[in-house]
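The block underneath contains the structure these notes are about, expressed in structure tokens.
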Amino acid sequence: MTIPEDANIDCPHQRVSMGYLKCRAADLTRGKDTTDEVTEEICYKCKAGRIFREVGCNQFWPKNRILAIHSRMGNHYAFEIERIFCNRRKRETSYEYCRTCTLVTSPQTERVYKEALTLFDSSGFRTTKSMLENARKELTVDDNPEGCITSSVSSLESTLKLILDKLAKSYPKKEQLTDLWSSVKAALKLGDEISTPLIQQVMGSLTGGMSGLAGIRNALSDAHGKGEISSDVFESYAELSMNLSASISTFLIRRFKEIKKMQEEQANVGN
């Protein structure tokens, strides 16, 4: 089989050793002819790898049987996937099932998440980063959307508190999400620097978003415990909470850094 020159054959179970492409999921207990060596063609058509490339999920573990067959015509390989286990659903799965799975986060979520982590770490907002990492783990590994919502909103609360700390501003009497937002909005003069109807509309939407996140946490998260009957929590709501928290925190931290830079420039001019 010939594959396109630019074909994507990435898989989380690949490794390269001594110039050979190898499969971590290969079962080497089935006799002396079994191997963990694979070819580009095998990786290209492997349905486990296609789950990663096409569905965007890495929460699976395949068990592959690869036989190295030696003949006068050269070496070739016989490849078979014996099973694919889903780490999230805790049961066997298939490529066909995974294509319809709703538990996979979108590529956009992954991009927002990774870029947010980089900014949080470089800007000294490590508590924010840690809580967002926990939110993603709750969503993608532990299959706990309630916990994802709790950690997502806590991550945003951490951003608000850290900004007030770094600006030497006191917390509001009620350290709730909406009150913290009001204090940070005033401290960063959000909307004041560009006082146009559209900007004011955006600021109003952010205020509404804060209120909405607080409401989602109260209604759907595990922050306040659970009774015998609880609301159904969908993955989409948890993913929305994580995206909103990461995006709002990113905006606030960037604005905070602009404020600090302006303050430093003004201090240098005064000196």
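The values are calculated or read from the model by the stated rules, or taken from the named source; none is laboratory data. Quantities reported herein were computed from a predicted structural model and do not represent experimental measurements. Every residue, glycine as well, gets a Cβ built from its backbone with ideal geometry; the counts of neighbours run over all protein chains shown.
Per-structure values
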quantity	calculated
Qualifying residue in the range 118-127 (condition: more than 21 Å from Pro12 (Cβ to Cβ) and among the acidic types (Asp, Glu))	yes
Condition check for Gly31: at positive phi and over 18 Å from the mean Cα position of the chain (by Cα)	yes
Residue within the range 161-169 that is modelled with pLDDT of 85 or more, in a helix (DSSP H, G or I), under 21 Å from Lys261 (Cα atoms) and in contact with a Ser or Thr (Cβ under 8 Å, 6 or more places away or on another chain) present	yes
Residue within the range 22-37 that is of a type in the set (Gly, Ala, Ser) and under 24 Å from Pro107 (Cβ atoms) present	yes
Pairs, first polar (S, T, N, Q) in the range 23-43, second part of a loop (DSSP other than H, G, I, E, B), C-beta under 8 Å, six or more apart	Thr34/Asp27; Thr34/Leu28; Thr35/Leu28
Where Arg15 falls short, out of the listed (1) surrounded by 17 or more Cβ atoms within 10 Å (Cβ to Cβ); (2) at pLDDT 90 or above	(1)
Pair list, Cβ < 9 Å and 6+ apart or interchain, from the range 243-271 residues that are in the same structural domain as Met131 (by TED's automatic domain parsing) to residues that are part of a helix (DSSP H, G or I) and exposed (fewer than 11 other Cβ atoms within 10 Å of the Cβ)	Asn243/Gln108
Residue that is part of a helix (DSSP H, G or I), surrounded by 14 or more Cβ atoms within 10 Å (Cβ to Cβ) and in contact with a Ser or Thr (Cβ under 9 Å, 6 or more places away or on another chain), where the choices are Ile66, Ile51	Ile51
Residue that is surrounded by the most Cβ atoms within 10 Å (Cβ to Cβ), among those in the range 88-107 that are part of a helix (DSSP H, G or I) and touching a residue at least 40 places away in the same chain (Cβ under 8 Å)	Cys98
Criterion violated by Arg111 - all others in (1) loosely packed, with under 14 Cβ neighbours inside 10 Å; (2) part of a helix (DSSP H, G or I); (3) touching a residue at least 12 places away in the same chain (Cβ under 8 Å) satisfied	(3)
Single match in Asp121, Asp142 (criterion: surrounded by fewer than 19 Cβ atoms within 10 Å (Cβ to Cβ), touching a Lys or Arg at 6+ places or on another chain (Cβ under 7 Å) and not assigned by TED's automatic domain parsing to the domain that holds Val55)	Asp121
Cβ-Cβ under 7 Å pairs, at least 6 apart or on other chains, the range 62-76 side at pLDDT below 85, far side charged (D, E, K, R) and in a strand (DSSP E or B)	Ala68/Glu37
Filter pass, Ile84 being among the hydrophobic types (A, V, I, L, M, F, W, C), more than 30 Å from the chain's Cα centre (by Cα) and either surrounded by 14 or more Cβ atoms within 10 Å (Cβ to Cβ) or farther than 20 Å from Pro107 by Cβ (or both)	no
